[in-house]
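**Q** Supplied in structure tokens, the structure appears directly below.
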């Protein structure tokens, strides 16, 4: 490709609404152009990156035995109504009507459609296993789209779905995909972690996220530097403290804490360690009748240490709290007779279930709200001042220095960007849609399913967050829009420069190198700045002075200075670097 034939539209400044590095640099490098909130044109330079991502994903999916198909972006609502997701998914699911007033959705994912295909096509155990995948446009109506391609509304995703005859076979298919994903992300040349993830309401332990490590990542990744343990924050277990509960040393006392409604303010005011305080969180669950109407609500009190944060996924796994919500002010007043900020488990106005975090169950001489504005209690102890908790559970987010669940060290935390997820579904969709096959015994069985996603358009943004400097993007070879750029200096003034550039260009093309020749006759400084911004990893500068000495200049995007290379050797040097 020659630059004069291509569309290069770099900007000196990023748009004011671009927040994160990847958004700014993709806009400045002319890779994307905003069309609407969370909706972007993929410009030629950006599309080349996306196509390279797709090619690697497609190669490894095919290698793993998956079969490609394409499912519609617009899907009939009837299928989504079979699984209940048409109503349950919420406003992220874009619902539309056609001219006949029939309901449709713009797909955010395709479990329903692929299960419909399977129930029509797969009749016998002899046809299993099967793995079907697509690389297709998706749409999720994000409330607040931001960060460019990191959290857009329209995006491209690779989604795959496996079908098996039993759990053992499904788990084997899962492992095939998990290994394929590792090959994919290894080929991208990115630093990533595969972390254990929460399986949600489906249960089980077969769920992994693939996180690209980046300081700007939205997700917290928990890992043990001295072992292989890694999990996302929702999944990481906070172990039961080893030390037994200390004996009570202080008498319970009601103390004034005027205007101090947070644990931190109370601890500072009373000159106690924050770790001695209790955070009281009030939640509720609703019991519904067959029509979906609420017949009663149950209020619960969750207790965690004042210096900890609640993990909502873990709370949702406590028996009875699967669909919890935070209590209303009326429900809080009914049980505590007090406003939030001064709540505690002692002297309740109306009894409720108390769920204590594992740490809290072993605490002594605690500080908590007195259920009276501007007052707290100190010296509160289990057994003496309040009954033992109804339930003890892991309710909190882990922190750095906590013991690793595998017993092989302590935990550390870093930031990551989720770009892939592998997930064992079981029979959640096959049962809802009656997707069965005849097993070896001639009886119908529900298909066991797995799903596997990769954010095709999110991945380049994640790569930029990990690979950039103050000049622009630094692409790994596998993802770069062009692998090599040739920069002839003043070719209109020096015919020998143009001739040398053309010759090297043709030689590299013949060798299968993804090369672009910048024949725009730009000033050297402007030309170099463009390619540093765009992030092409290998650059060759061809100038009159160097040619007189029989050399050109080679510079990798990560290097601060160019190296002189003999004209006769430059092609072999490039091919060697690309092969490596």
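Here, each number is a calculation from the coordinates, and none is a lab measurement. From a predicted model like this one, the values you see are computed outputs, not experimental measurements. Ideal geometry is used to build each Cβ from the backbone, glycine not excepted, and the neighbour counts take in all protein chains shown.
**Q** What is the chain's relative contact order, in percent, from Cα pairs under 8 angstrom and six or more apart in sequence?
**A** Taking the mean separation of contacting Cα pairs over the length of the chain, I get 17 percent.
**Q** With every atom except the alpha carbons ignored, what do you get for Rg and Dmax of the stretch 482-579, in angstroms?
**A** For the stretch 482-579, the Cα-based Rg and Dmax read 12.1, 35 Å.
**Q** Let me ask something else. Over the stretch 253-393, what is the percentage of antiparallel beta bridges among all DSSP beta bridges, to the nearest 5?
**A** Antiparallel bridges: around 70 percent, rounded to the nearest 5.
**Q** Same structure, new question: For a label point 7 Å from the Cα of residue 186 along Cα→C-beta, name the residues of the stretch 24-60 whose backbone N is under 17 Å from it.
**A** Inside the label zone: 56-60.
**Q** For the residue pair residue 390 and residue 333, what label-to-label distance in nm results when each label sits 7 Å from Cα along the Cα-to-beta-carbon direction?
**A** Between residue 390 and residue 333, the simple spin-label model gives 2.3 nm.
**Q** What's the angle, to the nearest 10 degrees (0 to 90), between helix 495-510's Cα axis and the longest principal axis of the chain?
**A** Roughly 60 degrees, rounded to the nearest 10.
**Q** Give me the number: length gained by fully extending residue 127 to residue 400, i.e. 0.36 nm times residue separation minus the C-alpha to C-alpha distance, one decimal in nm.
**A** On the way: separation 273, 0.36 × 273 = 98.28 nm, distance 4.83 nm.
My answer for the length gained is 93.5 nm.
**Q** For a quick protection proxy, order the peptides 354-363, 212-221, 315-324, 435-444 by their average other-Cβ count within 10 Å, most packed first.
**A** Values: 354-363: 21.5, 212-221: 18.6, 315-324: 15.8, 435-444: 13.3.
Ranked by mean Cβ neighbours within 10 Å, highest first: 354-363, 212-221, 315-324, 435-444.
**Q** Hey, could you pull the Cα Rg and Dmax for the chain, both in Å?
**A** In order Rg, Dmax, the Cα atoms of the chain give 29.6, 94 Å.
**Q** Give the calculated FRET efficiency between residue 579 and residue 441 to the nearest 0.05, with a Förster radius of 60 Å applied to their Cβ-Cβ distance.
**A** For residue 579 and residue 441, the calculated efficiency is 0.65.
**Q** How far apart, in nm, are the 7 Å Cα→Cβ label points at residue 265 and residue 92?
**A** 3.4
**Q** Can I ask one more? Would you calculate the separation in nanometres between label points at residue 74 and residue 349, each defined as 7 Å from the Cα along the Cα-to-beta-carbon direction?
**A** My value for the distance between the label points is 5.4 nm.
**Q** A further question follows. Using the count of nearby Cβ atoms within 10 Å as a rough guide to exposure, how do 22, 280 rank from fewest to most?
**A** Fewest to most other Cβ atoms nearby, the residues stand as 280, 22.
**Q** Principal axis extents for the stretch 420-548, Cα atoms only, whole Å, descending order, please.
**A** 81, 34, 18
**Q** In addition: Give the Debye-formula value of log10 I(q)/I(0) at each listed q (0.14, 0.21 Å⁻¹), with one equal scatterer per alpha carbon of the stretch 253-393, two decimals each.
**A** Evaluating at q = 0.14, 0.21 Å⁻¹ gives log10 I(q)/I(0) of -0.62, -1.33.
**Q** Taking the Kirkwood radius as the inverse of the mean 1/r across Cα pairs, report the Rg/Rh of the stretch 48-141. Before the final figure, lay out the partial values.
**A** Values: Rg = 15.5 Å, Rh = 15.1 Å.
Answer for the stretch 48-141: 1.03.
**Q** Using only the Cα atoms of the stretch 111-251, what do you get for the radius of gyration and for Dmax, in Å?
**A** For the stretch 111-251, the Cα radius of gyration and maximum Cα-Cα distance read 20.3, 72 Å.
**Q** Here is a follow-up. Dividing the convex hull volume of the alpha carbon atoms of the stretch 392-444 by its residue count, what do you get in Å³ per residue?
**A** About 248 Å³ per residue, rounded to a whole number.
**Q** Moving to a separate point now. Could you calculate the FRET efficiency of residue 169 with residue 545 from 1/(1 + (r/R0)^6), where r is the beta carbon distance between them and R0 is 60 Å, rounded to 0.05?
**A** The pair residue 169/residue 545 has a calculated efficiency of 0.35.
**Q** Now a separate question. Quick one: order 263, 451 by neighbouring beta-carbon count within 10 Å, fewest to most.
**A** Ordered from fewest to most neighbouring Cβ atoms within 10 Å, 263, 451 come out as 451, 263.
**Q** So how tilted is helix 111-121 from the main axis of the chain? Cα-based, degrees 0 to 90, rounded to 10.
**A** 80
**Q** If you don't mind, there's one more thing I want to ask. Against the longest alpha carbon principal axis of the chain, how many degrees, from 0 to 90 and to the nearest 10, is the axis of helix 570-579 turned?
**A** 30
**Q** Between residue 239 and residue 100, what's the calculated FRET efficiency when r is the beta-carbon distance and R0 is 51 Å? Round to 0.05.
**A** The calculated FRET efficiency here is 0.30.
**Q** In addition: Given the peptides 413-426, 168-181, arrange them by the average over their residues of other C-beta atoms within 10 Å, most packed first.
**A** 413-426, 168-181
**Q** If you restrict to DSSP beta bridges whose two residues both lie in the stretch 482-579, what percentage is antiparallel, to the nearest 5?
**A** On the way: 8 of 16 bridges.
The answer is about 50 percent antiparallel.
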